[in-house]
Amino acid sequence: LVGAVSERDGKTKWKVTTAGGNTVSIAEKQVRLVVEPTPTKGVTPASLERAAEECSAAVDELWEMVVDEGELPLAELSELLLGGAGAEQSFATYRLLSSSIYFRLGKSASACSSSFTARQADEVSQLRAQAEAAAAAELQVEELKSRIAAASKPGAPPLDLSSESEAVRGEFAALARLGCRVGAESETGETDRIATALLQKLGRKVT
């Protein structure tokens, strides 16, 4: 949620106007970043969102520059990354760094004084490997969904489980065993967990 703080709402909350013009009340502890716009620059919640969406700066190059520098303030990182530390630049930098594998929030970071620390190379490599594995797994699920959808069409041949991976065959075997027990006493265990996980992965209801 990106918005403009208008006034306090009790002792622990703020009233915030969103990009859509709605006013919501949020707890002070939920605020992650505060940037102070220059009134003459026309900075709005919508312009902050747009700046972040349009920004495509090379975070990996920034990481290489500061990997051994320890904790650095957001303003300095924004200067290095985008050539300035205005409200929109700072917000875009915050979005990029907080969603990247290269940086973590600094230990002393606060909503009004944000900072980041570059992760070490071995940690970045580990996170990159995890992200690549997750993306590959998601792609495999989408491809399996497509094959199931094709097999579900009238007149189409059934899904050929023999051509699927051993893991997928095991998941469907667990699902078949679970189906045989519908309406009867069901013992929980690894088989049920695998079958339930397959249904959730495919976006089907677990009954």
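The values are calculated or read from the model by the stated rules, or taken from the named source; none is laboratory data. A quick note: this is a predicted structure, and the numbers were derived from the prediction, not measured. When we count neighbours, we look across all protein chains shown, and the Cβ atoms used for this are built from the backbone with ideal geometry, even at glycine. We work out accessible area using only protein heavy atoms, side chains counted, and drop any ligands, DNA or RNA first. Shrake-Rupley method; radii C 1.70, N 1.55, O 1.52, S 1.80 Å.
Consider the range 57-111. How many of its residues are surrounded by 17 or more Cβ atoms within 10 Å (Cβ to Cβ) and either of a type in the set (Val, Ile, Thr) or on the phi > 0 side of the Ramachandran plot (or both)?
4
Name every residue in the range 147-159 that is surrounded by 10 or more Cβ atoms within 10 Å (Cβ to Cβ) and either in a helix (DSSP H, G or I) or among the charged types (D, E, K, R) (or both), in order of residue number.
Initially, the range 147-159 is screened for residues surrounded by 10 or more Cβ atoms within 10 Å (Cβ to Cβ), giving 147-152, 156, 159.
If the condition is that a residue be surrounded by 10 or more Cβ atoms within 10 Å (Cβ to Cβ) and either in a helix (DSSP H, G or I) or among the charged types (D, E, K, R) (or both), then Arg147, Ile148, Ala149, Ala150, Ala151 are the ones that fit.
Filter the range 112-129 for residues that are among the polar types (S, T, N, Q), modelled with pLDDT under 95 and open to solvent by 50 Å² or more (accessible area, probe 1.4 Å) and give the result.
Ser113, the sole residue that qualifies.
Looking at (1) surrounded by 10 or more Cβ atoms within 10 Å (Cβ to Cβ); (2) modelled with pLDDT under 90, which is the only condition Glu190 fails?
Every condition holds for Glu190 apart from (1).
State whether the residues of the range 99-110 include one that is within 24 Å of Pro45 (Cα to Cα), in contact (Cβ under 8 Å) with a residue 40 or more places away in the chain and outside any loop (DSSP other than H, G, I, E, B).
Checked the range 99-110: no residue is within 24 Å of Pro45 (Cα to Cα), in contact (Cβ under 8 Å) with a residue 40 or more places away in the chain and outside any loop (DSSP other than H, G, I, E, B).
Among the residues of the range 34-56, is there at least one that is open to solvent by 60 Å² or more (accessible area, probe 1.4 Å), in contact with a strand residue (DSSP E or B) (Cβ under 8 Å, 6 or more places away or on another chain) and not β-branched (Val, Ile, Thr)?
no
Please work out which one of (1) at negative phi; (2) loosely packed, with under 12 Cβ neighbours inside 10 Å; (3) modelled with pLDDT under 90; (4) outside any helix (DSSP H, G or I) is the condition Gly21 fails and give its number.
With (1) at negative phi; (2) loosely packed, with under 12 Cβ neighbours inside 10 Å; (3) modelled with pLDDT under 90; (4) outside any helix (DSSP H, G or I) applied to Gly21, the lone miss is (1).
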